[in-house]
Every structure is written in C-alpha cells, then in structure tokens.
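Asks: Dropping a structure here in structure tokens format, bear with me for questions.
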Amino acid sequence: MAAAHDGRIYIAGGCVNSDCRVGITRDLRIYDPASGAWTAGPLMLTLRTWTAGASDDHRLYLAGGMGPCPPCRPTDAFEAYDFAGKEWLRLSPMPSTRDHAAAAIVGRAFFVIGGYDLASGSQKIVNRVDAYELDNDRWLPRSPLLTPRGEAAAAAIGGKVYVAGGVGHDAGGNHVELSVLEVYDPARDSWKRRANMPEPASRLQAVAVDGKLELIGRVHLLYDPATDSWTRLPAIPND
C-alpha cells in the first residue's frame, strides 16, 4: 500500500520479490523526493499484504489483507500509522476477513469495498462494503457494491467514492477482469453505474486529480464525472 503525505511517499507491507510465497514484510519505507533518499519507519503491527488502504491529513489506514503464504488467508486486522506520532495504532478489527479490497475516505469515514474472502476453503469474490467511523472507532455496514469484485481501484471525489475495474465473475462463474465503474454516495448510502472503462483492468492505482479520476497501471485512463466519459492517457513507462 502506498500513500503520500507532506511531500513524502509511504509504502507499507507487501510481498518479498513480488512473490508472497517467498515472504511478506511488515516494513514501512518512506521516500523523500527532495533528497532522493529512502528511510525506514516503524514496522507494521500485523504481517500482511494486499491491504485496503487510504490516508487523510493525520493517518494512513490499512484494513484486512492476506497473511503469510501458505496458507494465504485473509485477515480482519485494522491499524493506522500516525504521521505526527510516527507510530502504528491498532484499531477495532473489520467485521469480516478480506483481502484485495478497495478503500477510500470521505469526510470522517473510511470505506472498505469488495475484495476476496474464503468460503468453504475457496476464494470468494464479495460485494460487501463497511464504513469505519474515524471518530468513534466502530464499523457500520453499508449498501453493497452492485458488482462483486476484488482488486478494484477506488478514490474519493466530491464527497463520493468511485470504484473502477477489478476482478469479478463472468456468466460462467469464471474470474475475469472488469471494466465496470460504480459511484457510491455516502449521504444516500447508494450506488450507481457510470460509463464503463474503455477496457477491463485490475490492480490499478486510483488518484483524484482536479475533480477527475485517474487510473494508473497496465492502462492509463482519466474519467471525468461531469461528462461521464473516459480519456486514454499516455502509457506509463515500464523501465
């Protein structure tokens, strides 16, 4: 999970050498673009990867994720890194175990959206949505996604949560990448479909830029909520 704060980039957890079977790390690494230097922060409290994360001006929140492999099981762990105190804080666990979920913060609520859980020992794609009240340390259920999916990208724009792409099911029940875009209105606790992405994709990073949704990864796209339209952007270099 990566986040930006006060001109620095924070990267927490992950798989060793991009292979979770090799190992999972609790490391927190902090990059300062001004100096070009990396520093190590305090270790995460829970060993995991594929967390759902988002940050505000004070903390980086990480929910759920996948524990060591094997057995690669999802967790309900929830913790936050306090930027000022430079420490991790353990918070109330999620109501369910999940990994590969999406997350966003709107107002004083942290939303965890979709993801994977284990049902009868096999991976299950879920449409569950939960909201954590930042001021009350409690979780509340919210209206589920219209399209169950994991590995989606999410960002908050104009008081709403936009969730794009991910992995879901086709008509035959097979796992497929999705082009679906849905927007959640916390004030109404409701979801609506918006224009599909130009092509399906998953494992993207979502960023809010000038009131628009930018998706970065295998595809590079920009969505404009005002016109409900997508624009292709130049490909991200691989080197």
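Asks: Within the range 76-145, which trypsin sites (Lys or Arg not before Pro) sit in a loop by DSSP and count at most 12 neighbouring Cβ atoms inside 10 Å?
Replies: Lys86, Arg108
Asks: Explain nothing, just compute: Karplus ³J(HN,Hα) = 6.51 cos²θ - 1.76 cosθ + 1.60, θ = phi - 60°, for every residue of the range 80-86 in order, whole Hz, x for Gly and Pro.
Replies: Rounded to whole hertz, the list is 9, 9, 8, 5, 6, x, 6.
Asks: Please check: in the Gaussian network model of the chain (C-alpha springs, under 10 Å), which one of Ala77, Ala195, Ala101 has the largest mean-square fluctuation.
Replies: Looking only at Ala77, Ala195, Ala101, the largest GNM fluctuation is found for Ala195.
Asks: Leaving out same-chain residues fewer than 8 places away, which lysines sit with a Cα under 29 Å from that of Lys86?
Replies: The reachable lysines, counting only those whose Cα sits under 29 Å from Lys86, number zero.
Asks: If you plug each phi of the range 152-162 into the Karplus form 6.51 cos²θ - 1.76 cosθ + 1.60 with θ = phi - 60°, what whole-Hz ³J(HN,Hα) values come out, in order, with x for Gly and Pro?
Replies: 8, 10, 9, 7, 9, 9, x, x, 10, 10, 9
Asks: Å³ per residue of the Cα convex hull, for the chain?
Replies: Per residue, the Cα convex hull of the chain comes to 138 Å³.
Asks: Long-range amide H contacts for Trp50: which residues qualify at under 5 Å (H placed 1.01 Å from N, peptide plane, sequence gap of 5 or more or a different chain)?
Replies: Close amide H contacts, sequence-distant or interchain: Gly14, Met66.
Asks: Hand me the trypsin sites (Lys or Arg not before Pro) from the range 1-35 located in a DSSP loop with no more than 13 other Cβ atoms within 10 Å, in residue order please.
Replies: Loop-located and lightly packed - Arg21.
Asks: Using the Karplus curve 6.51 cos²θ - 1.76 cosθ + 1.60 with θ = phi - 60°, work out ³J(HN,Hα) for each residue of the range 97-107 in order, rounded to whole Hz, and write x for Gly and Pro.
Replies: For the range 97-107, the Karplus-derived couplings read 7, 7, 10, 6, 8, 9, 8, 7, 10, 10, x Hz, x marking Gly and Pro.
Asks: Taking the chain as a Gaussian network, Cα atoms linked when under 10 Å apart, which of Asp32, Asp224, Asp56 shows the biggest mean-square fluctuation?
Replies: Highest fluctuation of the listed residues: Asp32.
Asks: Same structure, new question: Determine the relative contact order of the range 47-232: mean sequence separation of Cα pairs under 8 Å and six or more apart, normalised by residue count, in whole percent. The partial results should precede the final answer.
Replies: Working: 494 pairs, mean separation 22.8, N = 186.
After rounding, I find 12 percent.
Taken together, the values in this text are just the output of simple stated rules run on the coordinates, not laboratory data. The structure presented is a predicted model; accordingly, all values stated were derived computationally and were not measured. Every residue, glycine as well, gets a Cβ built from its backbone with ideal geometry; the counts of neighbours run over all protein chains shown.
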